[in-house]
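The values are calculated or read from the model by the stated rules, or taken from the named source; none is laboratory data. Quick caveat, the model's predicted, so the values are computed rather than measured. Cβ placement follows ideal geometry from the backbone for every residue including glycine, while neighbour counts extend to all protein chains displayed.
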Amino acid sequence: EQFYSKIKQNDSFWTLEDGMIHITLQKMNKAEIWLAALKGHLNQNEALLNEEDKKKIMLEKFQEENSGFD
């Protein structure tokens with residue numbers, strides 16, 4: 001299956017722990033909001049992000065790009 005959007009392949013990985021596969025993906029565009037990890041697996045009722053979630057993501061991106069700014 002295809003990912004929702006582009007990832008950084010070298011920074012993404014998987015591990016096997018206690019019989020469970022754990023997948024860690026690094027988004028190419030960190031500020032991009034993914035509504036699902038894989039295309040075609042989007043549940044419209046669960047995928048709606050509220051404004052607080054969007055603000056949090058934007059603040060995290062701003063803080064990362066402007067580390068000396070409080």
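Which pairs do you get when a residue that is in a loop (DSSP other than H, G, I, E, B), found in the range 31-51, comes within reach of a residue that is at pLDDT 70 or above and among the small types (Gly, Ala, Ser), reach meaning Cβ atoms under 7 angstrom, with the pair 6+ apart or on two chains?
Filtered contacts from the range 31-51: Glu32/Ser5; Trp34/Ser5; Leu42/Ala36.
Name the residue that is surrounded by the most Cβ atoms within 10 Å (Cβ to Cβ), counting only residues in the range 8-34 that are in contact with an Asp or Glu (Cβ under 9 Å, 6 or more places away or on another chain) and aliphatic (A, V, I, L, M). Don't jump to the end; show me each part of the working.
Step one: list which residues in the range 8-34 are in contact with an Asp or Glu (Cβ under 9 Å, 6 or more places away or on another chain), which gives 24-26, 30-31, 33.
Now restrict to residues that are aliphatic (A, V, I, L, M): 25, 31, 33.
Working: Leu25: 17, Ala31: 13, Ile33: 14.
Top of the filtered list is Leu25.
If a residue has to be small (Gly, Ala, Ser) and modelled with pLDDT under 95 to count, how many in the range 3-18 make the cut?
Filtering the range 3-18 for residues small (Gly, Ala, Ser) gives 5, 12.
Cutting the leftovers down to modelled with pLDDT under 95 gives us 5.
Count: 1.
Could you check, for the range 53-62, whether at least one of its residues is touching a Phe, Trp or Tyr at 6+ places or on another chain (Cβ under 6 Å) and modelled with pLDDT of 80 or more? Please lay out each step first, then the result.
Looking only at the range 53-62, we keep the residues that are touching a Phe, Trp or Tyr at 6+ places or on another chain (Cβ under 6 Å), and these are none.
No; the residues of the range 53-62 include none that is touching a Phe, Trp or Tyr at 6+ places or on another chain (Cβ under 6 Å) and modelled with pLDDT of 80 or more.
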